[in-house]
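The values are calculated or read from the model by the stated rules, or taken from the named source; none is laboratory data. Small disclaimer: the values here were computed from a predicted structure and weren't measured. Methodologically, a virtual Cβ is constructed for each residue, glycine included, from the backbone with ideal geometry; neighbour enumeration extends over all protein chains shown. Each accessible area value is taken on the protein alone, full model and side chains, heavy atoms only, with ligands, DNA and RNA left out. Shrake-Rupley method; radii C 1.70, N 1.55, O 1.52, S 1.80 Å.
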Amino acid sequence: MFDFLKEAIQSPKTIGAIAPSSPRLAQMMAQRAVADHPDVIIEVGAGDGAITQALLRARHPETTYRYAGPAHLSVQAAPNLLRRLIEILVRNATLHGTGDLSFEVLQESGHLTFRCSNAIPETLTPHQLTELATPFVTSDMSRSNGGSGIGLSIIEQIVARHNGTMQLTSEQNRFIVSVVLPDAYKEG
């Protein structure tokens, strides 16, 4: 929060805060925000995700997004790394999927699970899943969408720094990345 305030004071013309009062206002703001094609957009605060949803719809209108999990969550993890992990999961699913993305957060005593899945043209074999986990190896879908093949390896490194695990699975024409971070969530 203090970084935001500092940046807002130093560069008031390049940073701002908004609190939409309606879905229509959120949609209008999102359309304007994606016109400049930013690489990263982050909604911070105790909002309901209305801006993020509008931004995703404006950026990729052909993709449907579903989120299941808590509205608010306290996590014990490196915030920049956790943001990067989620960013890569969603970006990869949006770039390489066929328009249906689901993101789940499960909190259980002692660990936190992130599960991101997206629809793909065909279910992947165990061999293909192993290849996708190898740095700089890209699938045919990744090559056609400009993928470099390092997203999953970056996620693996972030997960390792948090003593967690990552599992890749594929079933019923879906690609699923499950990340478990031990000690990231503790019941209060």
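Taking 0.36 nm per residue of separation and subtracting the current Cα-Cα distance, fully stretching the chain between Ala160 and Gln76 would add 28.8 nm. Solvent exposure of segment 69-131 amounts to 51 Å² per residue of accessible area, where only protein heavy atoms count and the probe is 1.4 Å. Take the Cα of Thr98, step 7 Å toward its Cβ, do the same at Gln128, and the gap between the two points is 1.0 nm.
Using 0.36 nm per residue and subtracting the Cα-Cα separation, the extra length available between Arg66 and Glu108 on full extension is 13.1 nm.
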